[in-house]
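Novice: The structure follows.
No lab work stands behind these numbers, since they all come straight from the coordinates. Quantities reported herein were computed from a predicted structural model and do not represent experimental measurements. We place every Cβ from the backbone using ideal geometry, glycine too, and count neighbours over all the protein chains shown.
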Amino acid sequence: MKKNNIIIFSALIVLLGAGCTKTLELEPVSSISTASFWKTEDDANGALRGMYIRLRAVTASNLFLWGEARSQNMKQSVGYDGGNWNIFYNELNSTNAGRNWSEVYRVINDANLILKYLPNIPFKTDATKNSLLAETYTMRAYCYFIMGKTWGDLPLVIEPTEGYNPDVIYREKTPVAAIFTQIKSDISQALSLFPDNSFLAGRNRWSKPALNALKGDVFLWTAKKMNGGNSDLTEALSALNDVDAADVQLLDNFERVFDYDNKGNKEVLMANNFQLNESVSTLMANMYIDAYPPNSDPAAMAIIGAVGGASYWTLTDDTRSKFTSGDQRKELSFTELYSFEESTSDYTKFYGCIQRKFNGMINGGLRVFIDDVILYRYADVLLMKAEAQNALSQDPSAAINAVRKRAFGSNFVGNEFVAGSKDDNDNAILEERLLEFLYEGKYWWDILRFDKASELIPYFQDNPSHTYKYLWPISLDILSAEPKVIQNPGYTN
């Protein structure tokens, strides 16, 4: 029955509208209606699960492309990923604008439907109803946070799109400051509704600890990018400290954080769940290998195992060089593959780096890339805490060293972080985030938050005046479908 409710809800939201997209011009023609669906607690749970399933279309590929690819910590490998090349090399323009926002608005429309209809459904307990509402407010805040960082000004839609009404469907962009006001309002609403710090099994639905991680992330962004100053930094630090009251920890073994058979472990605060036979592969498939080159190093082959995906992207030499001797994250995040060279009588011909964090599972002899996409984990909380502490002129050493101690293990002595100037600490925190969260879709946004694009990213080193490209262009399909939406400054059509 619950599975049927998810299917019915999915059909319903497709027919009632999919957010800011041209599909909204279609009249709903199904016998399914809001009047017949939103009746029971099972209906509400089915709608919520449908919203999380919809999120997969955002996290499978787009989240990495929006949040990390443009950091240029990677380069083209032996394959050619033509559809995403302009993203990785910061060659975005109005014609080749990369992934658009349609899938995110579909999740937002799901959330808006739930927030409109769920309050009128009878529940066995108010706590259960409040938890579902809290999850939904958190989801909407998260979606607008992704888009606000990516495009800046956006259409702000907080009511569901139902039927065809041009006055509702077509909206002008709202200034990004107002978008973040709405994000913070949704966060506040969610915090007032979550009854406790517990997690559901799998840690793949929003919870109060995950919400506090999101709040810390949001307030760090507004503190540093939107003139929020010390007030927002203090709010961020308070939220991040509140996470410690939950059942969270750094796992002793870095590799086990990401293993397919260890989903929902105690380091994870929030992940989007992917399952065999119901999920597409994530973009991590493009950083693996579809066939070994001749005379490959057998030791590396033993680690990489069954092939799958494609070798489209590998790490730059600069990224590889940042992993120092003794840092276990290097060999547990990627494997360097070499083949045999006669001239050296050794395996010295470099092929590329094969990512290891999200190498999926083997099904019928084939590798399938369906790891959960982790949105927040406890190491992220610690390093955001260090960032806020440093910005507030507090010592960030304890939080940074908690992460480094696991990374270096028995080699920790001599690799401790020692606080220096505020700028030196910022540089160390940003680099630590690269090492800790490689492949996790965060580093581009990290670089922007630390205001380091012109220092660290080759394109912006060569084109320091192109700061308009910190925001993405709006794609032509969105502009043609949304007559009131205008292109972002700096991009011409």
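Novice: Provide, as a two-decimal number, the C-alpha radius of gyration of segment 79-195 over 2.2 N^0.38 Å, N being how many residues it has.
Specialist: Compared with the compact-globule rule of thumb, segment 79-195 sits at 1.28.
Novice: Another one. Lys and Arg at +1, Asp and Glu at -1: add these up for the other residues within a Cβ distance under 14 Å of residue 392 and post the number.
Specialist: The answer is -2.
Novice: Ok, one more. Before anything else, pin down the relative contact order of segment 356-409: Cα pairs under 8 Å, at least 6 apart, normalised by residue count, whole percent.
Specialist: 21
Novice: How much length would be gained if the chain were fully extended between residue 245 and residue 126, taking 0.36 nm per residue of separation minus their Cα-Cα distance, in nm to one decimal?
Specialist: Gain in length upon complete extension: 40.5 nm.
Novice: Taking the Cα centre as origin and putting +1 on Lys and Arg beta-carbons and -1 on Asp and Glu beta-carbons, what dipole magnitude results for segment 239-305, to the nearest 20 debye?
Specialist: 160
Novice: Rg and Dmax of segment 391-493, using alpha carbons, in Å: what are they?
Specialist: Every Cα atom of segment 391-493 included, Rg and Dmax give 18.9, 60 Å.
Novice: Note the listed values (i) 45, 26, 21; (ii) 36, 26, 25; (iii) 62, 22, 18, then indicate which one is semi-axes √(5λ) of the Cα gyration tensor in Å calculated from this particular structure.
Specialist: Given (i) 45, 26, 21; (ii) 36, 26, 25; (iii) 62, 22, 18, the structure-derived one carries the label (ii).
Novice: Still on this structure, I have one more. Using every Cα-Cα pair within segment 283-371, state what percent have a distance larger than 21 Å.
Specialist: 31
Novice: Calculate the dipole size of segment 283-371 relative to its Cα centre from +1 charges on Lys and Arg beta carbons and -1 charges on Asp and Glu beta carbons; express the result in debye to the nearest 20.
Specialist: Dipole about the Cα centre, nearest 20: 360 debye.
Novice: Still on this structure, I have one more. For the chain, what is the charge dipole size about the Cα centre, in debye to the nearest 20, if Lys and Arg each add +1 at the Cβ and Asp and Glu each add -1 at the Cβ?
Specialist: 900
Novice: Choose one of 397, 90, 145: the residue whose Cα lies farthest towards the positive end of the charge dipole of the chain (beta-carbon charges +1 Lys, Arg; -1 Asp, Glu; about the Cα centre).
Specialist: 145
Novice: Pick out the long, greasy-scoring helices in the chain: whole DSSP H runs spanning 24 Å or more along their own axis by Cα, mean Kyte-Doolittle at least 0.0.
Specialist: 176-193
Novice: Moving on. For the chain, what relative contact order do you get, as a whole percent, if you take Cα pairs closer than 8 Å and at least 6 residues apart?
Specialist: Reported relative contact order: 19 percent.
Novice: I'd like to know which of 369, 311, 337 lies farthest towards the positive end of the charge dipole of segment 283-371, counting +1 on Cβ of Lys and Arg and -1 on Cβ of Asp and Glu.
Specialist: Comparing the listed Cα positions along the dipole, 369 ranks first.
Novice: Let me ask something else. For the chain, what does -39500 (n - 2.57) per DSSP helix run (n ≥ 4), summed and divided by total residues, give at 222 nm, in deg cm²/dmol to the nearest 500?
Specialist: -13500 deg cm²/dmol
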